[in-house]
Amino acid sequence: MNFDFTQQELMLFKEINDIMFGLARERTLEEKDPISAESLLREALDRLAKTSYLKLGIAQSKDIPGLCAMMGAMEIVSSCSPSLYLSIEMSTRLFGRIISTYGNEKQKAKWLSPVLYGKKLGAVALLEKTMNIDNDPMATIGIRENALIKISGVKNYVINGPVADFIAVAGTMENKPALFIVEKGIKGLIQGKRLETIGLDGVVISGLTLENCQINEDQIIGQFEDKSILTTLRIWENQIILGSCLGMMKSSFESARTYAKTHKTGGKPIIAYQEVGFKLAEMLTLFQTSQLFAYRAVCAPEGKNRDFEVLTYCAKVFCTEAAEKVSGWALQILSGEGYISGNPAERSYRCAKYNQIAGTSTEISRVKIGDAAIGA
Amino acid sequence: MDFDFTKEQLMFKQEVVRFAKKEIVPRVQEHDLKGEFDFESFRKLGEFGILGLHFPEELGGGGADVITTVLAGEALGEAGVDGGLTLAYGAHTFLCADTIFRHGTEAQKQKYIPKLASGEWIGCMGLTEPNAGSDVASMTTSAEKKGDKYVLNGNKMFITNGPIADVAVVYAKTQPELQHAGISSFIVNKGTKGFSAGPPLIKMGVRTSHTSELIFQDCEIPAENLLGKEGDGFLMAMQTVEWDRSALLAPFVGSATYLLKKCTQYAKGRVQFGRPIAQFQAIKHKLADIRIFGEAARSLVYRIAWCKDQGRPLNHLEAAIAKLYVGDWSMAPTFDAVLIHGGYGYCHEYDVERIFRDSRLAPIGGGTSDIQKMIISKLI
């Protein structure tokens, strides 16, 4: 047992922190304009690629810190910008991890390396009509025609969809789950309108329609024998969301704490009032509990039993609900200051709901945890 | 970071679970109903080695590290041992015996630790007073030095093991004008003239632990019963917090595991509307929340234990966070457990009723949740 980060990991955190705060000094990190958002994303990837951040959890080497450090590093990026964080993670920790885990050497050279070096942007098109992949079968299908495969289907809520260079499209081929890698500009790929969302202002998200998109055999990952690939993708997505929650809680808490120490009323800083001081205490309690929970969940060994999955669902429920509470309480402490757009607490409060509905929703997570308890 | 235990630690935990299920749990409900301390179980805890687990072997202990000691506490909760017995164990081992072990002279250690570690003697700690709870410095119990004796006067309140203890570690003011710095700590033996305990208080929960007032009326004790130096008492009391925030919280973590098992068993067997209630999402939701609490709490407790094993000074912020979380949030799983059991959960026959009552002490004992919030808000 060890609750410390290593010196190497702490150094990495400092590098990432410097990069992100450097970027924040130069540019607005929650860019609403899609062109600016894409340019910011590519700039951030380019800078982060100078560290091992993009390789965390993907590339195996003794020089690359482990999964707990990955979560710690994710927290830093998310605390600076939830939107930028999510866009980066969907490219690296989801698309990149798919290629790294399931791709062959040729596929890794073609799609993984450019993503890990921050040169190209990835996306994963998983969802269809709803955000539920457990009950609704996937309609996207690949049909083999001679040496080519034709992909057809409609995907929704694709983060980085309009700007990605490579998209891993989940679907089925010959009744088996498969992932089809389509590249930007492919004929038959129709970008939907960018979706307006309650939070995550800087994320470029849209639906995608694939109309007989033709790909080669070597653009298929899979076919998988069962649907467990979808569960794995959800677990990775949940891990990304855990990092998002930690960052939101960090920025909300710090914003509220700073304000409570500096804003005076009745002749004393408001932190001196128990209503405020105690609220901050509860916020920090939830934040630190979430941190340890997320670290443990991500470090748990991936075995054949379901405990690793269940622990991730537990952490997902806890951290996502904690993030909403902490950002909400931060807003309360910040009062009018927090209600103004751009404050980290206001931003986190709007973004927090995404984390509860994305990945495995808190409701479905609870059902899965309950199922595991009763042995269903 | 690494959250794994050693094989030996995990094997020991399982041994404790097996031992407790066989030797202790069968008597828990009966003793709770009667509000009686279970001397036999306490003696068995001593025989098994739990009461002195972390003390050196030469003093009759097990020489275990803090993590192992915490796992033993968790195992007791996981086996279904009641909060009364685990509280009695905590007060005995960590608040009384450990204070003597850490601050006592060699002679004091040799005299007290082996008998406390074996369970032959039962220990308690007297800090709280009728009008001095969270505000320790306002205590009024005094210890006046007269020649080679100290004369104690005052009352202590809510003292776990008070009526049954053979040995008490008692905090009293030797220099009242110095507030915290005027508090000293003493060992007081049962039967000392002028020292008595009130009758056991009738409590809502943890009913198998006997709690009472301690009364000191011109109680003369030898000067050699002073622990450490005069004025060190407050620091000694604060040092027990390390154990309070790890080993004493651990049974609540284990109890969540126990509750989950009990609720799952019940929900799978209870049929309503033609199917086991475990199949309803509302029940699964509650089972999930019980599991989530246990998983969230355990790392906070292990962190305090691990830091203590590393020889680091207590991080008061992390300690207060662990206590606040476990204290405030441990009640919800017991509430859910009673709800899952419905009318049966409200009856003593099903032990979730007892666990519900026992858990209510968590945000009160060992520093209330409000005090933890006060500590945290000052430290941030």
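Miscellaneous remarks
- For region B:166-179, the condition of being assigned to a loop (DSSP other than H, G, I, E, B), in contact with an Asp or Glu (Cβ under 9 Å, 6 or more places away or on another chain) and farther than 30 Å from B:E36 by Cβ holds for at least one residue.
- When the residues of region A:334-368 are filtered to those that are touching a His at 6+ places or on another chain (Cβ under 9 Å) and within 14 Å of chain B (Cβ to nearest Cβ), the one that is surrounded by the most Cβ atoms within 10 Å (Cβ to Cβ) is A:R366.
- Scanning region B:326-367 for residues that are under 25 Å from B:S134 (Cβ atoms) and within 12 Å of chain A (Cβ to nearest Cβ) gives B:V326, B:G327, B:D328, B:W329.
- The number of residues in region A:117-174 that are of a type in the set (S, T, Y), over 15 Å from A:L208 (Cβ atoms) and in contact with a strand residue (DSSP E or B) (Cβ under 7 Å, 6 or more places away or on another chain) comes to 1.
- Tallying residues that are among the hydroxyl-bearing types (S, T, Y) and over 22 Å from A:Q8 (Cβ atoms) within region A:37-56 yields 1.
- Test set (1) under 26 Å from B:M238 (Cα atoms); (2) touching a strand residue (DSSP E or B) at 6+ places or on another chain (Cβ under 7 Å) - B:G205 fails condition number: (2)
- Which numbered condition A:F224 misses (of (1) surrounded by 15 or more Cβ atoms within 10 Å (Cβ to Cβ); (2) in a loop (DSSP other than H, G, I, E, B); (3) under 20 Å from the mean Cα position of the chain (by Cα)): (3)
- Meets criteria (facing chain A (nearest Cβ under 7 Å), of a type in the set (K, R), crowded, with 22+ Cβ neighbours inside 10 Å and in a helix (DSSP H, G or I)) for B:K284: yes
- Matching option when the condition is under 17 Å from the mean Cα position of the chain (by Cα), among the hydrophobic types (A, V, I, L, M, F, W, C), buried (at least 21 other Cβ atoms within 10 Å of the Cβ) and in a helix (DSSP H, G or I), among A:A315, A:A330: A:A315
- Meets criteria (surrounded by 19 or more Cβ atoms within 10 Å (Cβ to Cβ) and either closer than 14 Å to B:I375 by Cα or touching a strand residue (DSSP E or B) at 6+ places or on another chain (Cβ under 9 Å) (or both)) for A:K279: yes
- Qualifying residue in region B:100-111 (condition: surrounded by 22 or more Cβ atoms within 10 Å (Cβ to Cβ) and out of contact with any Gly (no Cβ under 9 Å at 6 or more places or on another chain)): no
- Count of region A:19-31 residues which are over 17 Å from the mean Cα position of the chain (by Cα) and either surrounded by 13 or more Cβ atoms within 10 Å (Cβ to Cβ) or hydrophobic (A, V, I, L, M, F, W, C) (or both): 7
- Residues in region B:1-30 that are buried (at least 20 other Cβ atoms within 10 Å of the Cβ), farther than 11 Å from B:L76 by Cα and out of contact with any Cys (no Cβ under 8 Å at 6 or more places or on another chain) were compared, and the one that is farthest from the other protein chains (Cβ to nearest Cβ) is B:V28.
Each reported figure results from applying straightforward, stated rules to the coordinates on display, with no laboratory input. Just so you know, these numbers come straight off a predicted model, no measurement behind them. All Cβ positions, even for glycine, are placed from backbone atoms using ideal geometry, and neighbour counts span all protein chains on display.
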